[in-house]
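Working notes for the structure below.
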Amino acid sequence: MRNKLALLAFAGVLLFTGPSVFAQSGSSAQGGANASAGQQVASDQDIQLLRQDLRSKKKQLIAANLSLTADEATKFWPVYDQYVNDLVQVNNEKYNVIKEYANNWGTMTDAQALDLTKRSLDVDAKVTALRAKYVPIFNKVVPGTKTATFFQLDRRLTMLIDLQLASQLPLLQDQK
């Protein structure tokens, strides 16, 4: 189990390494942040492909770390897929907040900063509410220990991705 967790942690870090993918090209006069030398500018299509790849790797890691019988797997994976579809909708909001942050970094007003903070906290609350909604749904198809293990894995992977994202975004106060 420790080897699987080490693999899980390592893979999570690899999922989102590299330059700031949310950097936008353009001048600050246009409201965009300049991409630093050596940073790639990612298009919405690039981000969409990256997010699909992250979801695929996350599913593989959950499959490798959640022991399911054949019968449990038959019932679990359709629920998982629905959960991910619902989570994607919430994460679309998260991506929009991050994208807006990146686009306005360097020229952001106090009002914009507070609005983005509120929207970010709303996204966090929606993710928590979605998880709470799905606990009994997953528990109908797998035992409680496997439901809890799934949510542990889901949260750990999400935290790893969030940590990597946070490390790529500059602090707002540094824009001046």
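The values are calculated or read from the model by the stated rules, or taken from the named source; none is laboratory data. What you see is a predicted model, and the numbers here were worked out from it, not measured in a lab. No Cβ is skipped: glycine too gets one built from the backbone with ideal geometry, and neighbour counts run over all protein chains shown.
Residue-wise test of (1) within 19 Å of Lys126 (Cα to Cα); (2) surrounded by fewer than 16 Cβ atoms within 10 Å (Cβ to Cβ); (3) at pLDDT below 85.
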{"site": "Asp44", "(1), (2), (3)": "no, yes, yes"}
{"site": "Gln52", "(1), (2), (3)": "no, yes, yes"}
{"site": "Ile62", "(1), (2), (3)": "no, no, no"}
{"site": "Thr69", "(1), (2), (3)": "no, yes, no"}
{"site": "Pro78", "(1), (2), (3)": "no, yes, no"}
{"site": "Val90", "(1), (2), (3)": "yes, no, no"}
{"site": "Ile98", "(1), (2), (3)": "yes, no, no"}
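Which residue is farthest from Gly106 (Cα to Cα), if the candidates are limited to the range 152-176 and must be surrounded by fewer than 14 Cβ atoms within 10 Å (Cβ to Cβ) and of a type outside the set (D, E, K, R)?
Here the residue is Gln152.
Please enumerate the residues belonging to the range 115-138 that are surrounded by fewer than 16 Cβ atoms within 10 Å (Cβ to Cβ) and over 19 Å from the mean Cα position of the chain (by Cα).
Asp115, Val135, Pro136, Ile137
Being assigned to a helix (DSSP H, G or I), free of Cβ contacts under 8 Å to residues at least 24 places away in the same chain and within 19 Å of Gln52 (Cβ to Cβ) is true for just one of Asp81, Asp115. Which residue is that?
Matching residue, one of Asp81, Asp115: Asp81.
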